[in-house]
Amino acid sequence: MQITYVILALTGLSIALSAWLLIAPKAWWRVSATASVFQLYTVPLGGIFPSLSFLSALGAANSLWRGGGACSRFWMMRWYLLLCGTLLLSLAWSSNPVKGIREVIYLLTFVFLVASSYLIARQDRTIILRVLCLLMAFTVVEALLTILFRVAPSVELRFLTSPVARFFISPNTLDGMFDGTVTILDAAKAGGFFLNANVASVFLGVSAVIAWYLSKIVDRPWLRVVAVIDWLAVFCTGSKAGMALAVVVPCLIVLWEMVRVRRFNVLHVMVIFGALVLGIIGWEVGHEFLANSSFFKQSSETLDSRVVIWRFAASMAHQHLLAGLGFGGWEERFPLYALANGVNPNFPPHNAFLILWTNSGMPAVLAGAAFVVSTLLTLLRFSLSRNPLISQLGMGCLGAYLWFFIQSLGENYGLMGEAHLTPIFATFIGLLFACEMNSQPE
């Protein structure tokens, strides 16, 4: 009987390997990108439920030896690979190396999807643009669900406890929904396909920025409607950071647009004037509002829990500055400290760089910082390109990643680890790399 199982396992592995080698990167990328909004979770493998989007992204690894490896000429990709290397190195002193291996595999899907979208865009970028338009249309489903769930919280709870939800949200995450770390159980928050309202606000905000600039590139006015719906839905998530960035990031984008084109237009003036008026009104009524609303109280409570987390991290840094705690170290050490200070012992670090330090120490922090700086500088350079396509793509990706990065400083998805957004960012960046290479003389 055991021999039969072994033969069946080897047969299945051989079929999977053959499919992986024979199926073109374009097919893997198309499935992963198209499924990124809905994820579509499958059967359990080794205690986890990989989504269709994730499995297809792994399949896109075959693009690396078909020409996609050329993306490594860009420094942001080199720093990203170095970051993955530092995470692998820290497995040597980790109490839970399986967690580390899983983390690195998830991060590498970004590389695979950048490489595959780069290959496709070098031949025909319209394929990429069509899929991106489709993805932005799908984001409206998330936006409308968020709005519905905010208006009718009971509908959200019924959805989350239904079998249907397990196709769109990881069953492991759903099973841990009542551990105290899930924010959408608060009636003042909503997340659509996300159990964390803050992460939902990131997804909607990033999608709004990308949809807005994509509408300029492909000349599809309906994409601007998508952008507005996604942007408005950010305010329905109830995320304080999301709502703040929904105002701040568009203003930063407009200011950079003015610097980039070296001129003002009516839209720029209206946005800046509107921001100033809102700032003045907010200054006048802000103290009274905050003193008499739950917004300030909830913000203070959130900040208090973050302070406890960061204070613990500071105490650990004195003892383990270089190597960090290793994968699994935070889960072993933090609960006792959390209970002694009255916060949830299941809370993770809530900061992208703090996550890197706890898992892999200072080398990972430095590699992560280099990746972020390199990414922002690369996107700034693209936004200043004289090629209109590269310029608009660069502006869209710059604004989107700026939102993503700023909010990562208070969240737990890392520098490029949010499953719904990784395929979208990878596709956009692969397209940018291809456009840059195609614009250069042979």
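The values are calculated or read from the model by the stated rules, or taken from the named source; none is laboratory data. The model shown is predicted, which means the values in this text are computed figures rather than measured ones. All Cβ positions, glycine included, derive from the backbone under ideal geometry; neighbour counts span all protein chains shown. Note: accessible area is taken over every heavy atom of the protein model, side chains too, but ligands, DNA and RNA are not part of it. Shrake-Rupley method; radii C 1.70, N 1.55, O 1.52, S 1.80 Å.
Observations on the model:
- Enumeration of residues in region 100-127 that are of a type in the set (Val, Ile, Thr), within 12 Å of LEU431 (Cα to Cα) and either under 17 Å from the mean Cα position of the chain (by Cα) or buried (at least 23 other Cβ atoms within 10 Å of the Cβ) (or both): VAL114, ILE120
- All positions within region 28-66 that are among the hydrophobic types (A, V, I, L, M, F, W, C), surrounded by 23 or more Cβ atoms within 10 Å (Cβ to Cβ) and not in a helix (DSSP H, G or I): VAL37
- Residue pairs whose Cβ atoms lie under 8 Å apart, separated by 6 or more positions or on different chains, with the first residue in region 65-81 and under 24 Å from ILE23 (Cβ atoms) and the second open to solvent by less than 40 Å² (accessible area, probe 1.4 Å) and not hydrophobic (A, V, I, L, M, F, W, C), are ARG66/PRO25; GLY68/PRO25; GLY68/SER116; GLY68/TYR118; ALA70/TYR118; CYS71/TYR118; CYS71/GLY430.
- Any hit, region 424-442, residues being surrounded by fewer than 22 Cβ atoms within 10 Å (Cβ to Cβ), part of a helix (DSSP H, G or I), modelled with pLDDT under 90 and among the hydrophobic types (A, V, I, L, M, F, W, C): yes
- Among helices (runs of 4 or more DSSP H) entirely within region 321-393, having at least 3 residues that are modelled with pLDDT of 90 or more and hydrophobic (A, V, I, L, M, F, W, C) singles out 352-360, 362-383.
- When restricted to residues that are open to solvent by less than 70 Å² (accessible area, probe 1.4 Å) and either of a type in the set (Gly, Ala, Ser) or not in a helix (DSSP H, G or I) (or both), region 159-174 contains 4.
- Lone qualifier among VAL234, VAL155, VAL164, VAL151 - being in contact with a Phe, Trp or Tyr (Cβ under 9 Å, 6 or more places away or on another chain) and among the aliphatic types (A, V, I, L, M): VAL155
- For VAL343, the requirement of being on the phi < 0 side of the Ramachandran plot, β-branched (Val, Ile, Thr) and more than 20 Å from the chain's Cα centre (by Cα) is met.
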